[in-house]
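Data first, discussion second: the structure below is written as C-alpha coordinates.
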Amino acid sequence: MLDKMKIWKSTKEPDTLDERIEECKSYKIPDHIAIIMDGNGRWANKRALPRIAGHHEGMKTVRPITRLANRLGVKALTLYAFSTENWIRPKMEVDYLMKLPEEFLGTFLPELVEENVQVQMMGERSQIPKHTLKAVDKAIDATKNNTGLVLNFALNYGSRSEILQAAKSFAVKVQNGECSIDELDDEQFSSLMMTHHLGDPDLMIRTSGEIRLSNFMLWQLAYAEFWFTDVLWPDFSEEHLIEAIESYQKRSRRFGGLKSEESQ
Ligand code: V07
(Lines give C-alpha, C1' and ligand atoms only; values in the text may rest on other atoms or scores of the structure.)
Protein backbone atom coordinates (compact mmCIF):
# COMPACT_ATOMS: atom_id res chain seq x y z
CA MET A 1 0.00 0.00 0.00
CA LEU A 2 2.77 2.39 0.96
CA ASP A 3 4.64 1.64 -2.27
CA LYS A 4 1.55 2.35 -4.33
CA MET A 5 1.20 5.66 -2.53
CA LYS A 6 4.76 6.61 -3.46
CA ILE A 7 4.21 5.80 -7.14
CA TRP A 8 1.02 7.77 -7.16
CA LYS A 9 2.73 10.74 -5.48
CA SER A 10 5.77 10.79 -7.73
CA THR A 11 3.75 10.90 -10.94
CA LYS A 12 1.31 13.48 -9.66
CA GLU A 13 1.81 17.15 -10.56
CA PRO A 14 3.03 19.01 -7.46
CA ASP A 15 0.26 21.26 -6.18
CA THR A 16 0.99 22.94 -2.87
CA LEU A 17 3.44 25.85 -2.85
CA ASP A 18 5.96 23.84 -0.81
CA GLU A 19 5.82 20.96 -3.29
CA ARG A 20 6.27 23.30 -6.22
CA ILE A 21 9.23 24.95 -4.47
CA GLU A 22 10.91 21.56 -3.90
CA GLU A 23 10.19 20.49 -7.51
CA CYS A 24 11.62 23.78 -8.77
CA LYS A 25 14.83 23.21 -6.83
CA SER A 26 15.60 20.02 -8.76
CA TYR A 27 16.11 22.08 -11.93
CA LYS A 28 18.38 25.03 -12.73
CA ILE A 29 17.49 28.01 -10.56
CA PRO A 30 18.26 31.36 -12.23
CA ASP A 31 21.30 32.88 -10.49
CA HIS A 32 20.11 36.44 -11.00
CA ILE A 33 16.49 37.60 -11.30
CA ALA A 34 15.59 41.20 -12.18
CA ILE A 35 12.09 42.55 -11.59
CA ILE A 36 10.27 45.64 -12.86
CA MET A 37 7.71 46.06 -10.06
CA ASP A 38 5.00 47.80 -12.09
CA GLY A 39 1.29 48.42 -11.46
CA ASN A 40 1.24 49.90 -7.98
CA GLY A 41 -0.57 53.07 -9.07
CA ARG A 42 -3.08 51.03 -11.08
CA TRP A 43 -3.70 48.75 -8.09
CA ALA A 44 -4.61 51.83 -6.02
CA ASN A 45 -6.73 53.39 -8.81
CA LYS A 46 -8.82 50.25 -9.07
CA ARG A 47 -9.68 50.63 -5.39
CA ALA A 48 -10.18 54.41 -5.53
CA LEU A 49 -7.16 54.79 -3.23
CA PRO A 50 -4.34 57.35 -3.61
CA ARG A 51 -1.33 56.13 -5.66
CA ILE A 52 0.85 56.13 -2.55
CA ALA A 53 -1.36 53.42 -1.04
CA GLY A 54 -0.38 51.27 -4.04
CA HIS A 55 3.32 51.99 -3.47
CA HIS A 56 2.95 51.00 0.17
CA GLU A 57 1.21 47.77 -0.76
CA GLY A 58 3.91 47.14 -3.38
CA MET A 59 6.57 47.55 -0.70
CA LYS A 60 4.93 44.80 1.33
CA THR A 61 5.25 42.41 -1.63
CA VAL A 62 9.05 42.76 -1.59
CA ARG A 63 9.36 40.75 1.62
CA PRO A 64 7.81 37.37 0.60
CA ILE A 65 9.46 37.55 -2.84
CA THR A 66 12.88 38.18 -1.27
CA ARG A 67 12.38 35.36 1.22
CA LEU A 68 11.38 32.90 -1.47
CA ALA A 69 14.25 33.88 -3.78
CA ASN A 70 16.64 33.35 -0.88
CA ARG A 71 15.08 30.00 0.01
CA LEU A 72 15.41 28.84 -3.61
CA GLY A 73 19.11 29.71 -3.66
CA VAL A 74 18.82 32.61 -6.12
CA LYS A 75 22.13 34.51 -5.84
CA ALA A 76 20.95 37.99 -6.78
CA LEU A 77 17.58 39.74 -6.97
CA THR A 78 17.57 43.17 -8.58
CA LEU A 79 14.41 45.23 -7.98
CA TYR A 80 13.60 48.38 -9.98
CA ALA A 81 12.40 50.62 -7.15
CA PHE A 82 12.87 54.09 -8.68
CA SER A 83 13.96 55.12 -12.17
CA THR A 84 15.73 58.28 -13.32
CA GLU A 85 12.45 59.11 -15.13
CA ASN A 86 10.35 58.94 -11.93
CA TRP A 87 11.37 62.45 -10.74
CA ILE A 88 8.72 64.04 -13.00
CA ARG A 89 5.94 62.58 -10.83
CA PRO A 90 4.13 64.92 -8.41
CA LYS A 91 6.50 66.10 -5.64
CA MET A 92 4.31 64.60 -2.96
CA GLU A 93 4.51 61.15 -4.60
CA VAL A 94 8.30 61.38 -5.05
CA ASP A 95 8.70 62.45 -1.42
CA TYR A 96 6.62 59.48 -0.33
CA LEU A 97 8.58 57.04 -2.51
CA MET A 98 11.85 58.32 -1.06
CA LYS A 99 10.59 57.46 2.42
CA LEU A 100 9.82 53.85 1.50
CA PRO A 101 13.39 52.53 1.85
CA GLU A 102 13.42 53.82 5.46
CA GLU A 103 10.04 52.32 6.20
CA PHE A 104 10.91 49.00 4.56
CA LEU A 105 14.26 48.71 6.31
CA GLY A 106 12.86 49.98 9.65
CA THR A 107 10.60 46.92 9.64
CA PHE A 108 12.59 44.29 7.74
CA LEU A 109 16.30 44.99 8.27
CA PRO A 110 16.55 42.69 11.33
CA GLU A 111 14.95 39.91 9.30
CA LEU A 112 17.31 40.48 6.33
CA VAL A 113 20.29 40.32 8.71
CA GLU A 114 18.89 37.17 10.28
CA GLU A 115 18.25 35.52 6.92
CA ASN A 116 21.77 36.19 5.62
CA VAL A 117 20.55 38.55 2.85
CA GLN A 118 23.02 41.18 1.62
CA VAL A 119 21.48 44.55 0.68
CA GLN A 120 23.03 46.51 -2.19
CA MET A 121 21.99 49.52 -4.24
CA MET A 122 22.66 50.65 -7.80
CA GLY A 123 21.84 54.03 -9.29
CA GLU A 124 22.89 57.66 -9.26
CA ARG A 125 23.29 58.58 -5.58
CA SER A 126 23.72 62.35 -5.92
CA GLN A 127 20.00 63.22 -6.40
CA ILE A 128 18.69 60.83 -3.74
CA PRO A 129 17.70 62.59 -0.46
CA LYS A 130 20.18 62.23 2.41
CA HIS A 131 17.64 60.58 4.73
CA THR A 132 17.00 57.86 2.12
CA LEU A 133 20.70 57.20 1.53
CA LYS A 134 21.30 57.07 5.28
CA ALA A 135 18.80 54.24 5.71
CA VAL A 136 20.06 52.35 2.64
CA ASP A 137 23.72 52.75 3.64
CA LYS A 138 22.95 51.53 7.13
CA ALA A 139 21.38 48.37 5.65
CA ILE A 140 24.27 47.88 3.21
CA ASP A 141 26.69 48.12 6.12
CA ALA A 142 24.67 45.90 8.47
CA THR A 143 24.47 43.13 5.86
CA LYS A 144 27.86 43.49 4.16
CA ASN A 145 29.21 40.18 5.52
CA ASN A 146 26.07 38.20 4.69
CA THR A 147 26.60 35.41 2.18
CA GLY A 148 23.04 34.60 1.06
CA LEU A 149 20.92 36.36 -1.54
CA VAL A 150 22.11 39.76 -2.75
CA LEU A 151 19.06 42.05 -2.69
CA ASN A 152 20.03 44.81 -5.12
CA PHE A 153 17.73 47.85 -5.23
CA ALA A 154 17.84 49.96 -8.40
CA LEU A 155 17.24 53.45 -7.00
CA ASN A 156 17.44 56.46 -9.30
CA TYR A 157 18.69 54.02 -11.91
CA GLY A 158 18.65 54.51 -15.68
CA SER A 159 20.33 52.12 -18.07
CA ARG A 160 21.33 54.55 -20.83
CA SER A 161 23.02 56.83 -18.35
CA GLU A 162 24.80 53.78 -16.85
CA ILE A 163 26.04 52.78 -20.33
CA LEU A 164 27.17 56.35 -21.09
CA GLN A 165 29.01 56.44 -17.76
CA ALA A 166 30.80 53.20 -18.64
CA ALA A 167 31.71 54.54 -22.11
CA LYS A 168 33.07 57.73 -20.55
CA SER A 169 35.14 55.90 -17.96
CA PHE A 170 36.65 53.74 -20.69
CA ALA A 171 37.44 56.87 -22.73
CA VAL A 172 39.22 58.33 -19.69
CA LYS A 173 41.30 55.15 -19.34
CA VAL A 174 42.32 55.45 -23.00
CA GLN A 175 43.09 59.15 -22.55
CA ASN A 176 45.32 58.36 -19.55
CA GLY A 177 47.14 55.69 -21.51
CA GLU A 178 45.88 52.92 -19.16
CA CYS A 179 44.01 51.05 -21.93
CA SER A 180 44.03 50.82 -25.71
CA ILE A 181 40.81 51.01 -27.75
CA ASP A 182 41.39 47.46 -29.08
CA GLU A 183 41.14 46.09 -25.53
CA LEU A 184 37.48 47.09 -25.24
CA ASP A 185 35.36 43.95 -25.51
CA ASP A 186 32.19 42.57 -23.98
CA GLU A 187 33.92 41.54 -20.74
CA GLN A 188 35.84 44.82 -20.34
CA PHE A 189 32.71 46.87 -20.90
CA SER A 190 30.63 44.71 -18.52
CA SER A 191 33.23 45.31 -15.82
CA LEU A 192 32.46 49.05 -16.00
CA MET A 193 28.73 48.57 -15.34
CA MET A 194 27.09 48.91 -11.91
CA THR A 195 26.23 45.20 -11.82
CA HIS A 196 29.70 43.89 -12.78
CA HIS A 197 30.00 41.87 -9.55
CA LEU A 198 26.53 40.30 -9.83
CA GLY A 199 26.62 38.87 -13.34
CA ASP A 200 23.86 39.38 -15.89
CA PRO A 201 20.25 38.52 -14.97
CA ASP A 202 19.05 35.12 -16.26
CA LEU A 203 15.40 36.02 -15.86
CA MET A 204 13.60 39.37 -16.11
CA ILE A 205 10.07 39.68 -14.77
CA ARG A 206 7.78 42.63 -15.45
CA THR A 207 4.36 42.90 -13.85
CA SER A 208 1.27 44.87 -14.87
CA GLY A 209 1.06 43.93 -18.55
CA GLU A 210 3.58 46.38 -20.01
CA ILE A 211 5.84 44.67 -22.55
CA ARG A 212 8.86 46.97 -22.55
CA LEU A 213 12.15 47.52 -20.73
CA SER A 214 11.73 51.19 -19.76
CA ASN A 215 15.48 51.87 -19.61
CA PHE A 216 16.17 48.93 -17.28
CA MET A 217 19.46 46.98 -17.58
CA LEU A 218 19.60 47.20 -21.39
CA TRP A 219 23.17 45.88 -21.59
CA GLN A 220 22.80 43.20 -18.92
CA LEU A 221 19.53 41.72 -20.24
CA ALA A 222 20.97 40.80 -23.65
CA TYR A 223 20.61 37.02 -23.02
CA ALA A 224 17.92 36.94 -20.30
CA GLU A 225 14.60 35.10 -20.52
CA PHE A 226 11.69 37.57 -20.22
CA TRP A 227 8.51 36.78 -18.29
CA PHE A 228 5.58 39.20 -18.44
CA THR A 229 2.37 39.03 -16.45
CA ASP A 230 -0.78 41.15 -16.21
CA VAL A 231 -0.71 40.73 -12.41
CA LEU A 232 -0.14 44.07 -10.66
CA TRP A 233 2.93 44.17 -8.38
CA PRO A 234 0.96 44.42 -5.08
CA ASP A 235 -0.87 41.20 -6.11
CA PHE A 236 2.35 39.40 -7.15
CA SER A 237 2.72 36.36 -4.91
CA GLU A 238 5.14 33.51 -4.26
CA GLU A 239 3.07 31.38 -6.67
CA HIS A 240 3.75 33.91 -9.43
CA LEU A 241 7.49 33.85 -8.79
CA ILE A 242 7.45 30.04 -8.93
CA GLU A 243 5.45 30.21 -12.16
CA ALA A 244 8.03 32.56 -13.71
CA ILE A 245 10.90 30.28 -12.63
CA GLU A 246 9.09 27.17 -13.91
CA SER A 247 8.64 28.91 -17.26
CA TYR A 248 12.37 29.84 -17.27
CA GLN A 249 13.27 26.22 -16.49
CA LYS A 250 11.07 24.83 -19.27
CA ARG A 251 12.55 27.26 -21.76
CA SER A 252 16.16 26.59 -20.80
CA ARG A 253 15.53 22.80 -20.75
CA ARG A 254 14.42 23.07 -24.37
CA PHE A 255 17.98 24.05 -25.25
CA GLY A 256 18.95 20.56 -24.06
CA GLY A 257 21.45 19.51 -21.47
CA LEU A 258 21.19 18.77 -17.79
CA LYS A 259 21.02 21.16 -14.86
CA SER A 260 24.81 21.22 -14.46
CA GLU A 261 25.50 21.76 -18.16
CA GLU A 262 23.29 24.79 -18.59
CA SER A 263 25.17 28.04 -18.66
CA GLN A 264 22.44 30.52 -19.51
C1 V07 B 1 9.59 51.19 -3.37
C2 V07 B 1 7.68 49.56 -3.39
C3 V07 B 1 7.89 48.46 -4.40
C4 V07 B 1 7.18 48.75 -5.70
C5 V07 B 1 7.85 49.78 -6.54
C6 V07 B 1 7.66 51.24 -6.17
C7 V07 B 1 7.51 51.58 -4.72
C8 V07 B 1 11.26 48.89 -1.33
C9 V07 B 1 12.21 49.88 -1.44
C10 V07 B 1 13.57 49.87 -0.90
C11 V07 B 1 14.60 50.52 -1.56
C12 V07 B 1 15.91 50.48 -1.06
C13 V07 B 1 16.16 49.76 0.07
C14 V07 B 1 15.17 49.10 0.74
C15 V07 B 1 13.87 49.15 0.26
C16 V07 B 1 11.64 50.87 -2.22
C17 V07 B 1 11.36 52.80 -3.41
C18 V07 B 1 10.10 52.42 -3.79
C19 V07 B 1 11.90 54.12 -3.86
F20 V07 B 1 17.43 49.71 0.55
N21 V07 B 1 10.18 49.24 -1.99
N22 V07 B 1 10.38 50.44 -2.56
N23 V07 B 1 12.14 52.04 -2.64
N24 V07 B 1 8.31 50.80 -3.78
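The aspartates and glutamates within cross-link reach of residue 173, meaning a Cα-to-Cα straight distance under 13 Å and a gap of 8 or more places when in the same chain, are 182, 183. Checking every one of the chymotrypsin sites (Phe, Trp or Tyr not before Pro) in region 200-241 against DSSP loop status and a limit of 10 other Cβ atoms within 10 Å picks out 223.
Here the dipole of the chain is about 620 debye; that uses its Cα centre as origin and unit charges on the Cβ of Lys and Arg (positive) and Asp and Glu (negative).
Only helices enter the 222 nm calculation for the chain: every DSSP H run of n ≥ 4 contributes -39,500 (n - 2.57), and dividing by all residues gives -14500 deg cm²/dmol, rounded to 500. The mean accessible area for residues of the chain, using a 1.4 Å probe and ignoring ligands and nucleic acids, is 54 Å² per residue.
With the full set of protein chains in place, find how many percent of the accessible area of the chain is carbon and sulfur; take the probe as 1.4 Å.
Numbers: 7690 of 14330 Å².
The C+S portion of the solvent-accessible surface of the chain is 54 percent.
Bridgeable aspartates and glutamates around residue 46 (alpha carbons under 15 Å apart, same-chain partners fewer than 8 residues away excluded): 38, 57, 230, 235.
Between beta-carbons, use under 11 Å as the cut-off and find the net charge around residue 149, counting Lys and Arg +1, Asp and Glu -1. Charge balance in the 11 Å sphere: +1.
Cα gyration tensor of the chain, axes a ≥ b ≥ c as square roots of the eigenvalues: rounded (a/c below 1.5), prolate (a/b > b/c) or oblate? If you can, show how the numbers build up before the last one.
Working: a/c = 1.82, a/b = 1.24, b/c = 1.47.
Oblate, because a/c is 1.5 or more while a/b does not exceed b/c.
The values are calculated or read from the model by the stated rules, or taken from the named source; none is laboratory data. Since this is a predicted model, take the numbers as computed values, not measurements. Neighbour counts run over all protein chains shown; Cβ positions are idealised from the backbone, glycine included. The area values use the complete protein model at the heavy-atom level, side chains included, leaving out ligands, DNA and RNA. Shrake-Rupley method; radii C 1.70, N 1.55, O 1.52, S 1.80 Å.
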